[in-house]
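Visitor: The structure's right below; bear with me while I get my questions together.
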Amino acid sequence: MNTLALAETASSSPGTAQTPSSPPRGCAEPRQAPVDPRYWKAGSRGWYAVAILGFVASLTASLAVPGNLPGLKPGKDFSPDYPLDPTNYRILLAACAGALVLLYPILRRVPRWGDRVFHKAQFIFAGALALGVWDLLTSKLFWMRPPYFPGPVTILAYLPTNAVNLLGHIVASSRLFAIGLLLGIVAGVGTGILIGWYRQWFYWLYPVLKFTGVVPATAWMPIATVLLKPPPVAMTFLLVIASWFIIAFMMCQGIVSTPKVLYEVSRTLGATRSYLLFHVAIPHATPSIFTGISMATSMSFLTLVAAEMMGATAGLGYFINYSKTFSKYYQVYAAIIIMFIVFSVILALIDLVKKRVLRWQEGLVEQ
Amino acid sequence: MSPLVDIAHVTRVYGNGKDETHALQDVSLQVAQGEFVSLIGPSGCGKTTLLRLIAGLDVPQGGTLHVAGEQISGPSHERGYVFQQGALFPWATVAQNIATGLKARGVYRQQQHRVPEYVELVGLDGFAEAYPHQLSGGMAQRVAIARALINEPRVLLLDEPMGALDSFTRVEVQDKLLDLWQRLGSTMILVTHDVDEAIYLSDRIVVMTPRPGRISEIIDVSLDRPRARDDDGFLRLRSRILDKLNLAGSRPGAHPERASR
């Protein structure tokens, strides 16, 4: 919330403008707790306790309900190495319940975090129950059967046994993604500046950009894999293709849409043409660049996984494809969960950079 | 002594053929060093066009414009311009906005100590790190004025800078402007459609009429400063200008009750 905008209307003469110390006092209205528009369920603190009970309930179900119902036997109905050890799953549930209990005093003390978590309490409860139900339906009752529907028990029992191998795939994917996206951003921003600023570049390159941008990057895959060796080079090329055009397009849009009056005022202040580009046009385009980067990121995720599935020897996409050929679907689910975590972290990092660079927009734009 | 701003027989035509509009036709005006001149008239009378020509943001089809003896060939930091909407850079803080002129001319490193002075000059102490969207309209206009003044221009061109402000804020910015004009001894040319504003601030008022845009009369304001808006001389001048602009209304004589606006 910015207090500055509120301040000025009150200050009638220049020089006395200052931030207001507090809202006017002595209002006859009874004080009402304001509802936070973002964390509007923050009041549902009781649900926090229910969420803890949710994890406890799922844990109890895991301990109490007997699994391996007659009629289904490991080694006969599914492969003998199918992981069914519930220890990790139970540790996770206990850890979640414990963490929530331990966090409670901290959340009470720091409203900034508390509001956020209490707002999510109902959802956390639902998540805890969902885990329990999922476990019951798969590893206990076997209504949903292996190999296509592994339970949380199976996935969690598997993950640590293959951690080193998986880490290798995560690193391979992340490295490829980072190189591809960074090259794409550099190429995209560069091209965007050229076509946004110089009309010759716009005339020749913009139609090409528009045409090529319509075609999904994966369509180039057969050509790329044949012409570019080794495979990582081909995949980097695809990632660059996937991000380049959209970033260039948004960059160009951002530059072209700069209000004329900003150029005019800069020129009356003594600005040269290069000053207009670097200190007026490009800053004006920054929000657009980040929109472009966000879009390019999701396009790149898509391209990365598709490319790895088809022509790689490492990476999470490759691992999914590899697991499928051995009917180890629990590995597919594990890879999907890992992808969710890794991609979320990448998105969060980009968002962090964006918030830092665009902090002048705070309070100006709904984010 | 030759005038600081010398405009001679300037003509500016927009469009061609049937759509031709004479924004300015044979306009001549001279402004002396340190003078405060207002251009007033209904929309379409070419007052903003004239200001843009002086700034070098536009070129005339005929006539000449000189500032300090030099022909105007394009925008320059010697002719500061304040736009109606302020035109602040939304990504830059108040201090950064005010520093623009220094940075654009490559003298920021040597002269950055002047930025806080100009923040203070327009009464924005404590708001140096605020962003434009956190400011009110009046504050934003004061930033725009400081941003133009830091270059110490020979003439400050003001294009309805108070036009978008409410009447309370308008008076506040007018007083600030007057204060700066007197303290810095700068030359100012103000485009406005507010008769009171023109009388309150100016040494001379240039009344313009549209289609084609031309100067119909130049009125000397010989009232003592500081001026009171309800002074007899003020009100007489007011009704004279309103008459000139055909804005006086249907009833004969002046309308003192409207002066309280």
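The values are calculated or read from the model by the stated rules, or taken from the named source; none is laboratory data. Everything numeric in this text was worked out from a predicted model, so none of it was measured. Positions of Cβ are generated from backbone atoms using ideal geometry, with glycine treated the same way; all protein chains shown enter the neighbour counts.
Residue-wise test of (1) more than 18 Å from residue B:123 (Cβ to Cβ); (2) among the acidic types (Asp, Glu); (3) at the interface with another protein chain (Cβ under 8 Å from one of its Cβ atoms).
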position: B:135; (1), (2), (3): no, no, yes
position: B:138; (1), (2), (3): no, no, yes
position: B:155; (1), (2), (3): yes, no, no
position: B:185; (1), (2), (3): yes, no, no
position: B:190; (1), (2), (3): yes, no, no
position: B:194; (1), (2), (3): yes, yes, no
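Visitor: Just to verify a result, which residue in segment A:319-347, among those that are part of a helix (DSSP H, G or I) and polar (S, T, N, Q), is farthest from residue A:219 (Cα to Cα)?
Guide: Of segment A:319-347, the ones part of a helix (DSSP H, G or I) are A:319-325, A:329-347.
Then keep just the ones that are polar (S, T, N, Q); that gives A:321, A:323, A:325, A:331, A:344.
On the way: A:321: 19, A:323: 25, A:325: 24, A:331: 28, A:344: 26 Å.
This residue is A:331.
Visitor: Any residue that is more than 19 Å from residue B:244 (Cβ to Cβ) and more than 14 Å from the chain's Cα centre (by Cα) - is there at least one of those in segment B:35-56?
Guide: yes
Visitor: If you don't mind, there's one more thing I want to ask. Can you report the number of residues in segment B:56-74 which are within 11 Å of another protein chain (Cβ to nearest Cβ) and farther than 25 Å from residue B:34 by Cα? Quick ask: steps written out before the conclusion?
Guide: Of all residues in segment B:56-74, those within 11 Å of another protein chain (Cβ to nearest Cβ) come to B:56-58, B:74.
Remaining after also requiring farther than 25 Å from residue B:34 by Cα: none.
Of the residues in that region, 0 qualify.
Visitor: While we're on this one: Under the condition of being in contact with a Gly (Cβ under 6 Å, 6 or more places away or on another chain) and surrounded by fewer than 24 Cβ atoms within 10 Å (Cβ to Cβ), which residue from segment A:251-269 is nearest to residue B:100 (Cα to Cα)?
Guide: Of everything passing the filter in segment A:251-269, A:255 is nearest to residue B:100 (Cα to Cα).
Visitor: Of the conditions (1) in contact (Cβ under 8 Å) with a residue 24 or more places away in the chain; (2) of a type in the set (S, T, N, Q); (3) surrounded by fewer than 20 Cβ atoms within 10 Å (Cβ to Cβ); (4) away from chain B (no Cβ under 14 Å), residue A:323 fails just one. Which one is it?
Guide: Going through the list (1) in contact (Cβ under 8 Å) with a residue 24 or more places away in the chain; (2) of a type in the set (S, T, N, Q); (3) surrounded by fewer than 20 Cβ atoms within 10 Å (Cβ to Cβ); (4) away from chain B (no Cβ under 14 Å), residue A:323 breaks only (1).
Visitor: Let me ask something additional. If you go through segment B:204-220 one residue at a time, do you hit one that is among the aliphatic types (A, V, I, L, M) and either within 14 Å of chain A (Cβ to nearest Cβ) or assigned to a loop (DSSP other than H, G, I, E, B) (or both)?
Guide: No, segment B:204-220 has no match at all.
Visitor: Residues in segment B:102-133 that are of a type outside the set (Asp, Glu) and either within 11 Å of another protein chain (Cβ to nearest Cβ) or buried (at least 20 other Cβ atoms within 10 Å of the Cβ) (or both): how many?
Guide: 19
Visitor: Condition first: at the interface with chain A (Cβ under 8 Å from one of its Cβ atoms) and at positive phi. Now tell me which residues in segment B:75-93 satisfy that.
Guide: B:87
Visitor: Is it true that residue B:143 is more than 8 Å from chain A (Cβ to nearest Cβ), more than 24 Å from residue B:58 (Cα to Cα) and surrounded by fewer than 22 Cβ atoms within 10 Å (Cβ to Cβ)? Break it down stepwise before answering.
Guide: Values: more than 8 Å from chain A (Cβ to nearest Cβ): yes; more than 24 Å from residue B:58 (Cα to Cα): yes; surrounded by fewer than 22 Cβ atoms within 10 Å (Cβ to Cβ): no.
Taking the combined requirement at face value, the residue does not satisfy it.
Visitor: Is there any pair linking a residue in segment A:276-293 that is in contact (Cβ under 8 Å) with a residue 60 or more places away in the chain to one that is among the β-branched types (Val, Ile, Thr), with Cβ under 6 Å and at least six apart or on different chains, and which?
Guide: What qualifies is A:281/A:255; A:281/A:258; A:285/A:255; A:292/A:246; A:292/A:247.
Table: residues versus (1) among the β-branched types (Val, Ile, Thr); (2) at pLDDT 85 or above.
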position: A:3; (1), (2): yes, no
position: A:13; (1), (2): no, no
position: A:17; (1), (2): no, no
position: A:74; (1), (2): no, no
position: A:82; (1), (2): no, no
position: A:87; (1), (2): yes, yes
position: A:101; (1), (2): yes, yes
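Visitor: Of all residues in segment A:147-159, which are of a type outside the set (Val, Ile, Thr) and surrounded by 12 or more Cβ atoms within 10 Å (Cβ to Cβ)?
Guide: Pass one, segment A:147-159, residues of a type outside the set (Val, Ile, Thr): A:147-152, A:156-159.
If the condition is that a residue be of a type outside the set (Val, Ile, Thr) and surrounded by 12 or more Cβ atoms within 10 Å (Cβ to Cβ), then A:147, A:149, A:150, A:151, A:152, A:156, A:157, A:158, A:159 are the ones that fit.
Visitor: Next question. Kindly indicate the residue of segment B:88-98 that is surrounded by 23 or more Cβ atoms within 10 Å (Cβ to Cβ) and hydrophobic (A, V, I, L, M, F, W, C) and also farthest from residue B:115 (Cα to Cα) among those meeting that condition. Let's see the steps before the verdict.
Guide: If we filter segment B:88-98 for residues that are surrounded by 23 or more Cβ atoms within 10 Å (Cβ to Cβ), which is where we start, we get B:88, B:94, B:97-98.
Adding the requirement that they be hydrophobic (A, V, I, L, M, F, W, C) leaves B:88, B:94, B:98.
Details: B:88: 16, B:94: 10, B:98: 7 Å.
Selected residue: B:88.
Visitor: So the check is Cβ under 9 Å with 6+ separation or different chains; which pairs have a first residue in segment B:88-116 that's farther than 23 Å from residue B:161 by Cβ and a second one that's assigned to a loop (DSSP other than H, G, I, E, B) and β-branched (Val, Ile, Thr)?
Guide: Note: pairs meeting the criteria are B:106/A:272; B:111/B:150.
Visitor: Name the helices (runs of 4 or more DSSP H) wholly inside segment B:43-149 in which the number of residues that are among the hydrophobic types (A, V, I, L, M, F, W, C) and closer than 21 Å to residue B:182 by Cα is 1 or more.
Guide: In segment B:43-149, the matching helices (runs of 4 or more DSSP H) lie at B:94-104, B:114-121, B:137-149.
Visitor: Right, something else. So which helices (runs of 4 or more DSSP H) stay within segment A:205-318 end to end and still have 2 or more residues that are under 25 Å from the mean Cα position of the chain (by Cα)?
Guide: Because the criterion is at least 2 residues that are under 25 Å from the mean Cα position of the chain (by Cα), the helices (runs of 4 or more DSSP H) in segment A:205-318 that meet it are A:231-256, A:282-311.
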